[in-house]
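This report refers to the structure that appears directly beneath it.
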Amino acid sequence: MNNWIETSGSPFVIVEQQYAHQWKGQENYNAICSVTDYLGKIYIDNHVLLVMGDEPMATRIVNKDGAILIIRWKYAPDYLTVEKLLENDIVTGAEPIEEVEVKWDSTELVLFDSLSPYCEASVKVFLSLQKTSCIIKTYHYQKDEVSLIIHLIQ
């Protein structure tokens, strides 16, 4: 799956780069287990940590028109089908199923597998926001043989 990342079976988390080293993996793991939504907000050492809840899904980050889309793959026949969908604006006209408001100290974030301490994480994806406060809307795209969870960061 080209440009898609996966965890070892644990949720992805997103935190500010400057605080990522505070994530201790299994030592902090119980805190994220309380998140039952597709995206939840918790605090570790008084800093926001976003948890991609539900089940672990292959994930892809797409920068589009000044927004960041975090695409999570529930099911699809193949990645080319999903890539073709991403060429269009698949959230236009859709109603979000969740919204999370976040205020960060900086605009530089990192997404990584929550199972390991940050320094040992095998996959790290760096994100740059346009501002320190944002609303993240979550959409469930489901049509024909494709089901995606989409987090839109604006």
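The values are calculated or read from the model by the stated rules, or taken from the named source; none is laboratory data. All values reported here derive from a predicted model rather than from experimental measurement. Quick reminder, even Gly has a Cβ in these numbers, built from the backbone with ideal geometry, and neighbours come from all protein chains shown.
For segment 25-47, the tally of residues that are without any contact (Cβ under 8 Å) to a residue 60 or more places away in the chain and surrounded by 19 or more Cβ atoms within 10 Å (Cβ to Cβ) stands at 1.
Selection of segment 97-111 for residues being surrounded by 16 or more Cβ atoms within 10 Å (Cβ to Cβ) and in a loop (DSSP other than H, G, I, E, B) yields only W104. Would it be correct to say that T36 is part of a loop (DSSP other than H, G, I, E, B), of a type in the set (S, T, Y) and either more than 17 Å from the chain's Cα centre (by Cα) or modelled with pLDDT under 95 (or both)? Answer is yes for this residue. If I filter segment 132-154 down to residues being among the hydrophobic types (A, V, I, L, M, F, W, C) and in contact (Cβ under 8 Å) with a residue 40 or more places away in the chain, which single residue comes out as surrounded by the fewest Cβ atoms within 10 Å (Cβ to Cβ)? Going through the qualifying residues, I end up with V146. N30 meets the conditions (1) within 26 Å of N3 (Cα to Cα); (2) modelled with pLDDT under 90 in every case but one. The failed one is (1). Exactly one residue out of S122, S116 is modelled with pLDDT under 95 and in contact with a Gly (Cβ under 9 Å, 6 or more places away or on another chain), and it is S116. Restricting to segment 119-131, name every residue that is surrounded by 15 or more Cβ atoms within 10 Å (Cβ to Cβ) and touching a strand residue (DSSP E or B) at 6+ places or on another chain (Cβ under 6 Å). Within segment 119-131, A121, V125, L127 meet the criteria. When segment 39-70 is filtered for residues that are within 9 Å of the chain's Cα centre (by Cα) and within 15 Å of I135 (Cβ to Cβ), the ones remaining, listed by number, are L39, L50, L69, I70. If a residue has to be touching a helix residue (DSSP H, G or I) at 6+ places or on another chain (Cβ under 9 Å), crowded, with 16+ Cβ neighbours inside 10 Å and either more than 14 Å from Q154 (Cα to Cα) or at pLDDT below 90 (or both) to count, how many in segment 52-90 make the cut? Residues meeting the conditions: 6. Within segment 122-154, can you find the residues that are within 27 Å of D78 (Cα to Cα) and in a loop (DSSP other than H, G, I, E, B)? Within segment 122-154, S122, V123, D144, E145 qualify.
Candidates are the residues of segment 2-24 that are surrounded by fewer than 14 Cβ atoms within 10 Å (Cβ to Cβ) and in a loop (DSSP other than H, G, I, E, B); the one that is modelled with the lowest pLDDT is N2. Scanning segment 7-45 for residues that are within 15 Å of R72 (Cα to Cα) and in contact with a Ser or Thr (Cβ under 7 Å, 6 or more places away or on another chain) turns up S10, P11, F12, V13, Y38, L39.
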